[in-house]
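Presented below is the structure to which this report refers.
What follows draws every value from the coordinates through simple rules; no lab data is involved. Bear in mind the structure is a predicted one, so any value in this text is a computation, not a measurement. Cβ: placed from backbone, ideal geometry, glycine included. Neighbour counts: every protein chain shown.
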Amino acid sequence: MARQRVDSTNDLRLRGGRWWAQVGWKHVFALAVIAFAVFPILYILSASMNPGGTLTGSVNLFSAFTPEHYAKLATTDFPRWMLNSFYVSSVTAVGTVVMGAAAAYAFSRFRFKGRRGGLTALLIIQMFPQMLAFVAIFLLVMTIGKVFPGLGLGSHLMLVCVYLGGALGANTFLMYGFFNTIPQELDEAAKIDGATHAQIFWGMIMRLVTPILAVVGLLSFVGSYGEFILARIVLARPENYTLAVGLYAWGSDERNAPWSLFAAGAVVAAVPIIALFMYLQRYIVSGLTAGGVKG
C-alpha cells in the first residue's frame, strides 16, 4: 500500500516539458522581473559613488567608488529639504487619515439625503488628478497670500492645505469599504452603554480599522514625499524646497549638473520610504483586501 502511494505521488510530479510549461516559465519570468527591478538600483548606487561626478562613467558598475558624495550632502541644502519633506508629508498623511476616516465613517454609518450623490461625486472627482488644476491652485495661493501672508507662496502649511484639498477621493472609498466590514452591532451596543458618536468613532472604530489607516497614511506619505508639480508651484524659495523640487534643481542643468551628488541624494531620500514600508507591510495586505469583502 505504501509503495503504491509513493508511485502515485511520483506520477503526479511534473517532469520535463510539462514542468517547463506549467511551472518553469514562471521562474524565468520572475528572475527577469527581479533583474529589471534591481538594475536601476545598482546603477544609481554606482553613480552615487562615481568619483567623476557624472553618469557616463557609471556604465561599468562600481568600477571606481568613493563615499565623498554622501558626506558632501551634509554641506548642502539637502538636510533642510529632507526635513521639509518629512514635515509636509507627515502632516499631510495625518490630515488625510483623519479626514478620510471621518468621511468614510459618515458614509458607512449614517443614512442621509445626498449620501449616494456624495459617493458618486467623490468617485468622479478622483478620476481627475489634482495637478490638472495647477494654474487655478497657483492663482488661489497668490490670492490667499495677499490676505494671509503666512499662507502664501513659499509656505509649507499652504502646500499641506493644497494636498489635503484633494485627499478625500480615493482614500474615502478605500476606507468606506473597510468601515463596512465592521459590524454595526458594535455601534449599537456602545450606544446602549451611553457612548456618543465621537466616543464610538475615536475610542472603538479607529482601533478596529488600524490596517486601513496604516495603508492610507503610507500612500499619502509616499505620494506627498515625491510630489513635484504642486510643490514647485507653491514653494518659491530654495530654502523651502522639498526633496523632489530640490533634487530637480540639481539635475535641471544638463551640462553642469552634479549627477553623483544627485544620485547620492536620491539614495538617501529613498531610505525612509523603504523603512516605513517595511514597518507597515503587515498592514498592507489586510488593509487593501478587507475593504473588498463588503461594499
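So what is the relative contact order of the stretch 73-292, in percent, for Cα pairs below 8 Å that sit 6 or more residues apart?
Contact order relative to length: 35 percent.
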ask   = Listed highest first by mean packing, meaning other Cβ atoms within 10 Å per residue, what order do 270-279, 241-250 come in?
value = 241-250, 270-279
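Just in the stretch 210-292: which GluC sites (Glu not before Pro) are loop by DSSP and have at most 15 other Cβ atoms within 10 Å? Could you put the intermediate results ahead of the total?
Details: sites: 227, 239, 254; in loops: 227, 254.
Those that pass, being in a loop and sparsely packed, are 254.
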request  = Sort 147, 222 so that the residue with the fewest other Cβ atoms within 10 Å of its own Cβ comes first and the one with the most comes last.
outcome  = 147, 222
task = Between beta-carbons, use under 12 Å as the cut-off and find the net charge around residue 264, counting Lys and Arg +1, Asp and Glu -1.
result = 0
ask   = Distance in nm between label sites at residue 18 and residue 32, each 7 Å beyond Cα in the beta-carbon direction?
value = 2.5 nm
request  = Mind jotting down the distance between the C-alpha centroids of the stretch 193-224 and the stretch 139-188, whole Å?
outcome  = 15 Å
request  = Compute the length gained on full extension between residue 143 and residue 274: take 0.36 nm times their separation in residues and subtract their Cα-Cα distance, giving the result in nm to one decimal.
outcome  = 43.3 nm
request  = Can you tell me the dipole magnitude for the chain around its Cα centre, using point charges on the Cβ only (Lys, Arg +1; Asp, Glu -1), in Debye to the nearest 20?
outcome  = 800 debye
query = Once whole DSSP H runs in the chain are found, which of them have Cα atoms spread over 30 Å or more along the helix axis and a mean Kyte-Doolittle score of at least 1.0?
reply = 25-48, 259-289
